[in-house]
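Notes for the one structure printed next.
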Amino acid sequence: MHVHSPTRACACTRTCRYPHLVTRLLRRYGCKDAERRVRELRCVWVSHMHADHHGGLYRLLQMRTQLLGADVTPLLVIGPPPLFRVLRLYQEVVRRGGC
């Protein structure tokens, strides 16, 4: 995953799973700066539907909501139409207690 500097508005996801995403963010930026960067995200762009490009997105969205609360301004997510089906499926699994 590459998180652009705060002067830029987007992040490209290129990661497999949440632990890897968090580990990458923490290793690269440290805890406080990683959390700050997640809070400051304004846009996520996923170029295509390979798992290494979208696999960590749902957990990233969850992490952002945990940091900012339920009334957070929506994050702009740009990607191919199947991405949004996958995000809805993830949401269903999580709501049922599967993750």
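The values are calculated or read from the model by the stated rules, or taken from the named source; none is laboratory data. In this text, all values refer to a predicted model and were calculated from it rather than measured experimentally. Cβ sites come from the backbone with ideal geometry, for glycine too, and all protein chains shown count toward neighbours.
Any residue that is exposed (fewer than 13 other Cβ atoms within 10 Å of the Cβ) and at pLDDT below 90 - is there at least one of those in the range 72-81? Checked the range 72-81: at least one residue is exposed (fewer than 13 other Cβ atoms within 10 Å of the Cβ) and at pLDDT below 90. In contact with a Pro (Cβ under 8 Å, 6 or more places away or on another chain), of a type outside the set (Asp, Glu) and on the phi < 0 side of the Ramachandran plot: is that true of Met49 in this structure? Against the criterion (in contact with a Pro (Cβ under 8 Å, 6 or more places away or on another chain), of a type outside the set (Asp, Glu) and on the phi < 0 side of the Ramachandran plot), Met49 qualifies.
Residue under question is Leu57, and the condition is that it be in contact (Cβ under 8 Å) with a residue 40 or more places away in the chain, surrounded by 13 or more Cβ atoms within 10 Å (Cβ to Cβ) and of a type in the set (A, V, I, L, M); does it hold? So Leu57 fits the description; yes.
Here's the yes/no breakdown for (1) surrounded by 13 or more Cβ atoms within 10 Å (Cβ to Cβ); (2) assigned to a helix (DSSP H, G or I); (3) in contact (Cβ under 8 Å) with a residue 40 or more places away in the chain:
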{"residue": "Arg28", "(1), (2), (3)": "yes, yes, no"}
{"residue": "Lys32", "(1), (2), (3)": "no, yes, no"}
{"residue": "Ser47", "(1), (2), (3)": "yes, no, no"}
{"residue": "Met63", "(1), (2), (3)": "yes, yes, yes"}
{"residue": "Gln66", "(1), (2), (3)": "no, yes, no"}
{"residue": "Val86", "(1), (2), (3)": "yes, yes, no"}
{"residue": "Val93", "(1), (2), (3)": "no, yes, no"}
